[in-house]
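Notes for the one structure printed next.
The values are calculated or read from the model by the stated rules, or taken from the named source; none is laboratory data. Bear in mind the structure is a predicted one, so any value in this text is a computation, not a measurement. Glycine also receives a Cβ, built like all others from the backbone with ideal geometry; neighbour counts cover every protein chain displayed.
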Amino acid sequence: MSDSPPWFKLPTHSGLAQPVSNEPSTNTSTTDNDSASDKALVIIGAGLAGCALAHTLASKGQRVTVLDSASEAASAASGNTAALLRPHITREGNLASRFSASGFLETLSVLKTLEASNKPGKRPVFHTCGALHLLERSDDYPEHPLYRHVSKQSARTLTGYPLATGGLYYPDACYVNVPVLCQLLLQHPRIDFITGIQVHSIDRVANQWQINSDKTNYQASRVVLANGTGISSFNAMQELTLQPVRGQTTRIEAPCPKLTVAVCGSHTVIPLQTDSKDQSQQLQQTQQWQISATYDRQSSNATTDHADDVANLTAAEQSLNSKDVFTAAKRTNTDPTTACSDIESHWAGVRATTPDRLPVVGHLPDFTFYHMHYHDLHHGKPEALYPDAQYQPGLYVLGGLGSRGLSVAFIAARLLAAQILGKNTGSTDDSLYTLLHPARFLIRRSKRRLSTPRPG
Ligand SMILES: Cc1cc2nc3c(=O)[nH]c(=O)nc-3n(C[C@H](O)[C@H](O)[C@H](O)COP(=O)(O)OP(=O)(O)OC[C@H]3O[C@@H](n4cnc5c(N)ncnc54)[C@H](O)[C@@H]3O)c2cc1C
């Protein structure tokens with residue numbers, strides 16, 4: 001991190017700024033007899049972010065306490081039982097694109113390990129279905145080991161639908177039961193999961209963080225905010241620029257022809273393999289589709305509504321270039337209990353998004369210090385004239401997972417775990433650290449003032 005500008009420099013106790021030591025630090029003891037202070041690492045939020053981080057830290061020997069206001073894990077935005085995991089690779093193949101590709105592979109590796117240890121007869125964590133990303137033009141995308149180019153004709157053959165375009169085919173894409181994943185991640189002897197704790201504030205008291213909740217107050221030397229849209233409700237966290245965006249998925253009995261791959265247009269149609277029994281109690285494989293998802297910046301309400309089902313079904317028809325497939329299901333009916341008898345189920349959640357669609361990951365900046373010292377970056381003064389950044393000691397954030405939680409959660413958790421435990425993560429990860437820095441939006445705003453014409 002030596003080349004980083006002062007505003008992205010890490011605190012001196014951070015592993016990224018320190019030389020690597022071969023001696024295990026007291027924070028990373030791998031015994032189960034960790035000292036009381038080592039135990040004092042609290043993660044607020046048991047969604048995908050909090051569970052991925054808890055699992056990563058626990059696997060590295062760290063004791064973790066996870067607090068959540070709900071009665072079980074994955075109760076908010078992570079409640080999707082069929083979320084698609086695929087990388088988001090751009091034409092330019094920039095750092096964000098490489099982050100997504102690496103993140104996809106890391107998540108896939110975790111899923112495979114967990115599935116292997118999942119007890120027989122338990123609900124599977126994921127199904128590989130492959131995904132076709134529809135694109136008007138895909139020929140200017142570079143070759144990539146994670147996808148292959150598919151012409152319009154091949155795309156039609158692949159799906160059985162008269163698609164309007166070809167695109168990129170990701171054979172390893174899969175859909176994931178996120179609540180099952182979160183439950184498995186928390187099943188670790190070094191993780192204590194405490195439910196029903198609504199944290200309302202965090203205060204610095206005598207070199208510790210005091211976590212104030214409606215029931216019990218907790219003390220910890222290190223705290224991670226991983227509570228999704230709830231992060232913004234804490235003092236000064238508005239600087240993270242998290243924006244709530246409501247979304248709804250719709251599940252429906254599959255029409256014919258059945259799909260063998262997920263199709264990603266403006267919305268995604270995921271073919272789900274479901275087992276059902278026929279009249280003679282024989283097990284039959286049937287297919288449902290999950291259409292995902294609406295994207296409403298104006299709402300942070302997680303109740304389902306019929307208008308969103310209609311929007312999903314219409315978008316699916318457009319993606320598949322097949323009009324009126326869902327006419328019956330879309331019929332308007334004001335009674336929500338009978339609105340769509342063809343619709344199997346629907347689910348809504350609220351994502352925490354960021355302006356650049358990347359998560360916020362790392363030590364929490366001291367935003368007061370940032371405002372005081374970095375407010376005039378638009379003047380273009382030499383970097384050397386600025387002091388190094390200051391952070392809230394022992395306070396971290398893992399949030400803003402947006403619509404792509406699966407492909408970012410585990411790589412982000414690994415990067416953050418390295419910061420928390422004081423381990424050097426290598427040069428590639430250092431550039432990722434800047435990419436995901438929690439103060440990047442504040443810094444961009446300060447630099448942008450350059451382009452604002454001065455009065456007079
Ligand atoms: C409709 C929809 C479809 C999606 N589809 C996909 C998809 O196909 N593929 C994909 O990769 N991603 C998808 N996502 C995104 C993905 O689900 C999210 O990025 C991810 O689940 C976010 O996880 P999180 O842990 O950050 O937040 P959350 O899951 O919201 O977890 C936050 C947790 O914190 C708890 N909490 C909040 N405030 C407090 C507090 N003050 N005190 C204590 N606990 C608190 C909550 O109870 C919750 O359990 C979708 C999201 C939605 C809404």
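One line per residue, one yes/no per condition, for (1) more than 23 Å from the chain's Cα centre (by Cα); (2) over 20 Å from A417 (Cα atoms):
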position: P179; (1), (2): no, yes
position: L184; (1), (2): no, no
position: Q198; (1), (2): no, yes
position: A206; (1), (2): yes, yes
position: Q210; (1), (2): yes, yes
position: P244; (1), (2): no, yes
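Taking the condition of being more than 24 Å from F104 (Cα to Cα) and either of a type in the set (A, V, I, L, M) or in contact with a Phe, Trp or Tyr (Cβ under 8 Å, 6 or more places away or on another chain) (or both), how many residues in segment 355-383 meet it?
So the first thing to find is which residues in segment 355-383 are more than 24 Å from F104 (Cα to Cα), and the list is 364-383.
Now restrict to residues that are either of a type in the set (A, V, I, L, M) or in contact with a Phe, Trp or Tyr (Cβ under 8 Å, 6 or more places away or on another chain) (or both): 364-366, 370, 372-374, 377.
Adding up the residues that qualify gives 8.
A quick yes/no check of all residues on (1) out of contact with any helix residue (DSSP H, G or I) (no Cβ under 8 Å at 6 or more places or on another chain); (2) within 20 Å of V261 (Cβ to Cβ); (3) in a helix (DSSP H, G or I):
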| position | (1), (2), (3) |
| --- | --- |
| S97 | yes, no, yes |
| A101 | yes, yes, yes |
| T107 | no, yes, yes |
| L111 | no, yes, yes |
| L132 | no, yes, no |
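Matching residues to (1) within 27 Å of R297 (Cα to Cα); (2) surrounded by 13 or more Cβ atoms within 10 Å (Cβ to Cβ); (3) within 12 Å of the ligand (Cβ to nearest atom):
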| site | (1), (2), (3) |
| --- | --- |
| D172 | no, yes, no |
| R190 | no, yes, no |
| T195 | no, yes, yes |
| R222 | no, yes, no |
| T229 | yes, yes, yes |
| C256 | no, no, no |
| V261 | no, yes, no |
key: Search result, residues across segment 383-414 that are within 16 Å of the ligand (Cβ to nearest atom), buried (at least 23 other Cβ atoms within 10 Å of the Cβ) and aliphatic (A, V, I, L, M)   = V397, L398, L401, L406, V408, A409, I411, A412, A413
remark   = Within segment 225-257, residues touching a Lys or Arg at 6+ places or on another chain (Cβ under 9 Å) and in a strand (DSSP E or B) come out as Q243, P244, V245, R246, G247
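If you go through segment 345-376 one residue at a time, how many are away from the ligand (no atom under 16 Å from the Cβ) and either without any contact (Cβ under 8 Å) to a residue 24 or more places away in the chain or not hydroxyl-bearing (S, T, Y) (or both)? If you could, list the steps in order and put the result at the bottom.
Step one: list which residues in segment 345-376 are away from the ligand (no atom under 16 Å from the Cβ), which gives 363, 365-376.
So of that shortlist, the ones also either without any contact (Cβ under 8 Å) to a residue 24 or more places away in the chain or not hydroxyl-bearing (S, T, Y) (or both) come out as 363, 365-367, 369, 371-373, 375-376.
So the count comes out to 10.
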query = Do we find a residue being part of a loop (DSSP other than H, G, I, E, B) and touching an Asp or Glu at 6+ places or on another chain (Cβ under 8 Å) anywhere in segment 48-58?
reply = no
request  = Quickly run through segment 49-78 and pick out the residues that are more than 6 Å from the ligand (Cβ to nearest atom) and under 30 Å from L135 (Cβ atoms).
outcome  = A52
query = If we scan segment 181-188, do we find a residue that is free of Cβ contacts under 8 Å to residues at least 24 places away in the same chain and surrounded by fewer than 22 Cβ atoms within 10 Å (Cβ to Cβ)?
reply = yes
Boolean, T303 is within 16 Å of the ligand (Cβ to nearest atom), loosely packed, with under 12 Cβ neighbours inside 10 Å and modelled with pLDDT of 90 or more = yes
note = Of the conditions (1) touching a Phe, Trp or Tyr at 6+ places or on another chain (Cβ under 6 Å); (2) part of a helix (DSSP H, G or I), the single one that L168 does not satisfy is (2)
